[in-house]
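> The following block contains the structure, expressed as structure tokens.
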Ligand code: UDP
């Protein structure tokens with residue numbers, strides 16, 4: 001098999017991706033499946049950073065809609081991402097993949113604090129490095145955290161794993177005339193209001209020239225083909 005065309009990538013998974021067929025929480029079978037995929041990536045020599053959302057457990061906006069203080073809700077959302085990262089760390093380590101979890105919020109008895117230099121050191125050592133607790137600030141999302149960390153650590157590519165094949169002009173399930181974008185600019189994403197990532201995340205990537213691939217995580221082999229340079233999903237560039 002050919003070598004990866006990238007040295008270092010950051011993969012963003014939503015919290016919901018961990019639910020499997022369930023309606024919340026973490027499905028251990030799904031977790032193991034993703035862990036196996038990540039192990040295959042690491043086995044190629046690729047450096048892998050991960051950001052996992054928290055939407056399977058808590059979202060600040062959802063909690064605020066039910067009356068909770070928004071900032072407290074966002075703190076709960078960020079802590080939810082730490083739980084997901086710990087679950088993924090456990091799944092990876094059961095497969096003998098070396099990992100580190102680094103949190104943007106200080107919880108030093110649970111995992112390391114985020115430190116860019118240490119993160120790059122872990123990646124250089126081949127450790128899967130999971131960035132937890134988002135950006136550490138309320139009113140942001142884990143898409144923004146993924147964009148920020150990808151830029152900070154000098155990733156060659158940010159990969160957003162979704163349940164669809166890439167970016168369409170409209171929801172292909174509701175609108176059969178929706179067109180598929182194989183390649184699109186960040187400005188076009190903003191102009192057309194496409195739901196790829198939130199605006200903060202898109203603007204960060206655009207302004208710092210971070211390319212983004214949106215892929216279907218449920219398509220077998222998609223990640224492996226992508227890291228070997230195949231055209232998989234949609235590519236967004238500045
Ligand atoms: N969150 C936050 N700041 C961040 C990242 C996340 O406050 O930098 C909170 C926010 O409440 C968010 C929740 O954590 O709704 C879970 O993250 P997200 O909604 O991005 O998860 P996903 O949709 O990817 O599962």
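Each reported figure results from applying straightforward, stated rules to the coordinates on display, with no laboratory input. Note that the structure is a prediction, hence the values are computed from the model and not measured. All Cβ positions, even for glycine, are placed from backbone atoms using ideal geometry, and neighbour counts span all protein chains on display.
> Over the chain, with a Gaussian network built from C-alpha contacts below 10 Å, which listed residue (164, 71, 173) shows the highest mean-square fluctuation?
173
> Among 197, 83, which comes first, second and so on when ranked by fewest other beta-carbon atoms within 10 Å?
Values: 197 25, 83 20.
Lowest count first: 83, 197.
> With r as the distance between the Cβ atoms of residue 218 and residue 32 and R0 = 25 Å, compute the FRET efficiency 1/(1 + (r/R0)^6) and round to 0.05.
Numbers: r = 15 Å, r/R0 = 0.59.
Using R0 = 25 Å, I get an efficiency of 0.95.
> Give the Kirkwood hydrodynamic radius (Å, one decimal) of the range 8-237, defined as one over the mean of 1/r across all pairs of different Cα atoms. Write down the numbers at each step before the final one.
Details: mean 1/r = 0.0565 Å⁻¹.
It is 17.7 Å.
> Any idea how far apart residue 107 and residue 44 come out in nm if each label point goes 7 Å out from Cα toward Cβ?
3.2
> For n ≥ 4 DSSP H runs only, could you compute -39500 (n - 2.57) per run for the chain, divide by its residues and tell me the 222 nm figure to the nearest 500? List each step's numbers first, then the result.
Working: 8 runs with 88 residues, N = 238.
Helices in the chain give a 222 nm mean residue ellipticity of -11000 deg cm²/dmol.
> What ranking do 121, 75 get, fewest neighbouring Cβ atoms within 10 angstrom at the top?
121, 75
> Continuing with this model, one more query. Name the most mobile residue of 112, 40, 219, meaning the one with the largest mean-square fluctuation, in a Gaussian network model of the chain with Cα contacts below 10 Å.
So, out of 112, 40, 219, the one fluctuating most is 219.
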